[in-house]
Amino acid sequence: MDSLQLQALLPFIVLASASVVIILLIAARQSHTVIQITGFLMMCLVVLAMWYVRDVLPRAIMPLLVVDGMAAVFTGLIVFCVLIIGLFSFIYFEEREENPKEYYILIFLGTLGAAVLTISRHFISVFIGLELLSISLYALIAYLRNRNNAVEAGMKYLVLAAMSSAFLLFGMALIYMDTGSMDFDGIAKQLQTQGHSPALFVTGIGLMMVAVCFKLALVPFHLWAADVYQGAPVPVTNFIATVSKIGVFAVLVRFAQAVQLQSYHFAVIIISFVAIVSMVGGNLLAIKQQNIKRLLAYSSIAHLGYLLVAFLPGNAAGIEAGMFYLFAYSITLLAAFGIVTMLSGRQADADQLEAYRGLYWRNPLMGAILTVALLSLAGIPLTAGFIGKFAVLNAGVQQQLWLPVIVLVITSVIGLYYYLRIISTLFAETQVIFPKEKSLHPLFVAGTYGALLVLLILLLGAGIFPSAVIDGIKNFLCQGFRIINF
Amino acid sequence: MTNLIAYIPALPLAGFLLLFFTGRRMSKSMIAFVGAGSVCIAALLTIVIGITFLQSGSSANTQTLWQWMRVGNFSCDISLRLDALSLVFVFIISFVGALIHIYSIAFMRQDEDYARFFASMNLFVFSMLVLVLADNLVLLYLGWEGVGLCSYLLIGFWYKVPANCAAANKAFFITRIGDTAMAIGLFMLFKTLGTLNIADIQQQAATIPNVTTIALLLLMGGMGKSAQVPLQTWLPDAMAGPSPVSALIHAATMVTAGVYLVARMNVLFLLSPAAMNVVAVVGAITLFVAGCSALVQTDIKRILAYSTISQVGYMFLALGCGAWSAAIFHFFTHAFFKALLFLAAGVVIESLHHEHNIFKMGGLKNKMPLLYYTFLAGASALAALPFISAGFYSKDAILWYSWSAGNGNVMLWAVALTGAFITALYSARLVIVVFWGDMKTPIAQQPGKLMTMPLVTLAILSIIAGFVQWPHNLLHVTLFADLVEKVLPATVLKQGIPPELLLQLIAAVVTLGGAYTGYLLYYKSPHIIEQWKTAEPNLNLREFFVKGWRFDELYQTLFVKPFLFITRSNKADVFDKIHQWLVTACSRLNGWLSLSQNGSLRWYIGSMLVGIIFILALQFFL
């Protein structure tokens, strides 16, 4: 490994060291505040490191990793999400009895796993990244172990994720058996020389798709999502909804690019099928849901279905659309779960829709942010969500993927119903008077409000000036495509 | 200087946002300062930018702010374009707008919704500026819908009176017909050319196969906004709004948006002689129809409303004849004198305890001399009295071109001439009945300085604004035409027309004759009218004109009643059944799918296995 390669890996090394630093701080019996601030600074350091290394990209660290523009975009998004989630975590956990300190170790390890996924170009690194992410998540989901659903949710996730990992490994083994390589480029080269798609490869792809669909919570592997979203602490739910999905989608895009997945007829059929049933199933499940955490779980199933429509064309426009969509989706969910975090009380999370009745009149700022976030999820113009959905539609229409596109449009309309239902609750008259609680940590509450405002500006900004974001993604992707060709 | 163009619309927008969010907590002086100040600064900026632009001699300045979206080969820029045509409009909007805002400070002082008023007015000025500065038709359409919204909000400003809300709704619905046609036109343009950028359209216009259809659809949009027959019925009712609103939106600026659109899209219209003829005929019919109605109205604001429709009709006539610069010139002078008349009418109404009926006014000449002389200046400009009024210079040009321009003919000229007679007649009637004779209602209050200052300014402009462009045979001053013809095509003259001087003399005689007739009928010997009114057919005719040629009743029978009939016979709402079915289906499916979310882990594993088997099976069968 030469120094430039080391330099390219710098952000990931800083990310890994964040967990170690936190462990040392806990050993030194530091307070929650110190740990929180240190964690925040470490994440900022990761961002700085990424800025610092942007000129040495793209760089491959053979055979496992490659740090290129696409990885930079995805990792940047992941680190941004973790920055915000870390901020939300403080007031959430400080209010509760349990010791919150080890939580940060797990969060940073999970982040590292997701980040490793974005730079993987080899089955081994994919598997390591995925397990790093999953194992952190098992503990994170069950973190508030005295809660009713927490342990149950953790157990369910553990069993199902273990099963999906088994399929992933089996799929990898089959592909390795067929091509003799675990390296993405090596597989692609081997496939080219073979000239036809052999049964082992096809089966392997199918089994790997199972694991990917499970992680992205796509129908029919989605059943865990609602239970886990509901049982996990709100920041962890937020983490699952954003970070873990970004990481898995990144590796999916990279693998598909390497082996030209979309040129295989069967793969396109499977992905279209999964996308369509996810869009339909997610939206239909959400219609009558009264629990906002479960509702957002179903909504994210549908959104990942939309995302797959952008993935289907497999061209540059599709990848750009997908990245923008993922960006819009992530900041929207960050904002929405941020509000849930802020409203959650000591005993229970604010997950019942009743808790939101008349929110706008009690707290206009929070009401407005949640409204904008929901409008963005519904894809209403002037929000990031609209531009994202428009880009996805455009990518689909240009490839003439009529069926997924039509389903996307119809299910978006159905989705509008339950988003508007929440919005109308926010603005409803309320008789219940909520006692004004004295906040214990004015500084962190202010910080959380600040983060929410940043998200609001991003949501509207990306809706009004989307070209800035799109151009940014394109710039990074240009670096990404250079690496594909070498 | 080009990078300052964006500040002209940005200032009123900032004013709107400030008032919208914090207006409730502001004091009235603060609201007035923000509301009027933002537009005044925009007006000053316009003057500075305008002078620089004229000195630079460039044909157009474009400022691209940002690209809103770019998808495939479609891109939508937020970019502004200042050329001679938009400069004229921007000048009128910001300058007249500023005067009207200053006037409103005093006029609306007693109103409890002071902030809402100024917020809506600022939003209107912003939208209107976007409309005329837009460099592509998407942005233009945004401004177009924005002014429609503000018009709706301000007509229904005093929403507690149901009639005002009805008027607002009517304006909204009827302009919507035009807007829809325009949107279809835009879609067709985009489909044929693949762009909505105005400069690109002008370049590629010759390649459009169905140019007549597109031009007519755009014209429909313009007719809705500019209240041209048959979409004119909303404007008289729109007088339900406060007087400054009528002055700004329904006289000076918004109702001329259609004129702007046709002038801006002149390339399309020039390619289609049929569309040009339609424009001219619509204008001619409108100016006559509305003029007749203005003759017999008794509500001071409705008289002015009908006269506005009629004057905009003149502009359309000029556009249709190919006298582009004359149309814009008439817009220019009309904005001053019609805004003046509405503002003065507002003062009259305010001073006489909200009395609208002109026959209950009278004798104001001695009590309110300043108001009288300013109103007189406005009315003489409306009547186009030769030489001493701005209206003369613009209307004389239209009269002359309606025969002599490439697309004009003697019929159009005759209608325009009749219209000129009617205009002079009702202008004289208005001045005489309101200001002369005996006083019938005591005066409650005199207008303050804030209200008289805009009146005096506009009165001076109503007299002198015409001097920038003289008839060719009298004096060779063509400043205005030189300016706008950088953008608009020059007027082509036909051969074999009677000498211009002769036509001018006829026009002058007809105008003076109209004014004298008014003097005769309403001052010297009013018994003629009394006598005329005794005959039954005459009364019927009068009623016909008062009701605006019974267009409302026609539409009521043609559209509203059948529609109500259909809704009544379809009370069970058959079409709702379709939606009901959809709702039931979704709800049922939701129920079934929810069964799968039963929380049992083995069931979850089972479903995963089914999924895997399905995927594997799919692979092997394909």
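Nothing in this text is a laboratory measurement; each read-out follows from the coordinates by a stated rule. Bear in mind that the values here come from a model prediction, so they are computed numbers and not experimental data. Because the Cβ atoms are built from the backbone with ideal geometry, glycine has one as well, and the counts that use them run over all protein chains shown.
Remarks
- For segment B:571-621, taking Cα atoms only, Rg and Dmax work out to 17.8, 55 Å respectively.
- Taking 17 Å as the straight-line reach from the Cα of B:K395, the lysines in range (excluding those fewer than 8 positions away in the same chain) are B:K338.
- Kirkwood-Stokes translational diffusion coefficient of segment B:38-121, alpha-carbon pairs, 20 °C, 1.002 mPa s, µm²/s: 141
- Inter-chain Cβ neighbour count for B:600-612, averaged per residue, equals 5 (cutoff 10 Å, partner chain atoms only).
- Size descriptors for chain A (Cα atoms only): Rg and Dmax, in that order, 21.4, 72 Å.
- Each residue, A:Y176 and B:L616, gets one label point 7 Å from its Cα in the Cβ direction; the gap between the two is 2.0 nm.
- Normalised per residue, the volume of the convex hull around the Cα set of segment B:325-534 (Å³): 132
- Taken over the alpha carbons of segment B:252-382 as equal point scatterers, the Debye sum produces base-10 log I(q)/I(0) values at 0.20 Å⁻¹ of -1.08.
- Spatial separation of Cα centroids for segment A:1-79 and segment B:465-485, in angstrom: 72
- Every Cα-Cα pair of segment A:310-446 was included, and the share exceeding 24 Å stands at 41 percent.
- As a rough guide to protection, the peptides B:309-315, B:7-13, B:588-594 ranked by mean Cβ packing within 10 Å, highest first, stand as B:309-315, B:7-13, B:588-594.
- Per-residue mean of foreign Cβ neighbours for A:152-160 is 2 (Cβ atoms of other chains, 10 Å radius).
- Square roots of five times the Cα gyration tensor eigenvalues for segment B:1-83, Å: 29, 21, 6
- As an equivalent ellipsoid, chain B spans semi-axes of 47, 30, 27 angstrom, where each value is the square root of five times an eigenvalue of the C-alpha gyration tensor, largest first.
- Hydrodynamic radius by Kirkwood, which averages 1/r over all alpha carbon pairs of segment B:531-584, in angstrom: 14.6
- For the peptides A:173-179, B:457-463, residues were scored by their other Cβ atoms within 10 Å and the scores averaged per peptide; the highest-first order is B:457-463, A:173-179.
- Summed over qualifying helices (DSSP H, 4 residues or more, each -39500 (n - 2.57)) and divided by its residue number, chain A shows a 222 nm mean residue ellipticity of -25500 deg cm²/dmol.
- Estimated purely from DSSP H runs of n ≥ 4, each contributing -39500 (n - 2.57), the mean residue ellipticity at 222 nm for chain B is -23000 deg cm²/dmol once divided by its residues.
- Binned Cα-Cα distances of segment B:113-200, short to long, each 5 Å bin given as a whole percent: 3, 14, 19, 20, 17, 11, 8, 5, 2, 1
- Three-way shape label, segment B:473-622, alpha-carbon gyration tensor, a/c 1.5: oblate
- Note that segment B:150-288 shows a convex hull volume over its alpha carbon atoms of 99 Å³ per residue.
- Protection proxy ranking for B:122-129, A:246-253, using the average of other Cβ atoms within 10 Å per residue and placing the highest first: B:122-129, A:246-253.
- At most 15 other Cβ within 10 Å, DSSP loop - GluC sites (Glu not before Pro), segment A:39-128: A:E97, A:E98
- Measure of compaction for segment B:156-195 (Cα Rg per 2.2 N^0.38 Å): 1.77
- q = 0.14, 0.16, 0.23 Å⁻¹, segment A:73-127: log10 I(q)/I(0) [Debye, one scatterer per Cα]: -0.46, -0.56, -0.88
- Between segment A:129-154 and segment B:350-382, the Cα center-to-center distance that results, in Å: 81
- Cα principal axis extents for segment B:479-518, largest first, Å: 41, 26, 13
- Against the rule of thumb 2.2 N^0.38 Å, how large the Cα Rg of segment A:86-200 comes out: 1.41
- The separation of segment B:594-622 from segment A:271-344, counted between C-alpha centres, amounts to 21 Å.
- Counting only the Cα atoms, the protein assembly as shown fills a convex hull of 198 Å³ per residue.
- Calculated translational diffusion coefficient of segment A:1-160 (4 °C, 1.567 mPa s; Stokes-Einstein with Kirkwood radius over alpha-carbon pairs) equals 79 µm²/s.
- Within 10 Å of each Cβ in A:212-224, the average number of Cβ atoms from other chains: 4
- Selection from A:V277, A:S181, A:P198 lying farthest towards where the dipole of chain A points positive, charges on Cβ: A:V277
- Helix B:449-464 axis, angle to chain B major axis (alpha carbon atoms, nearest 10°): 70
- Computed over segment B:42-182, the alpha-carbon pair-distance distribution with 10 angstrom bins reads 11, 32, 33, 19, 5, 0, each value a whole percent.
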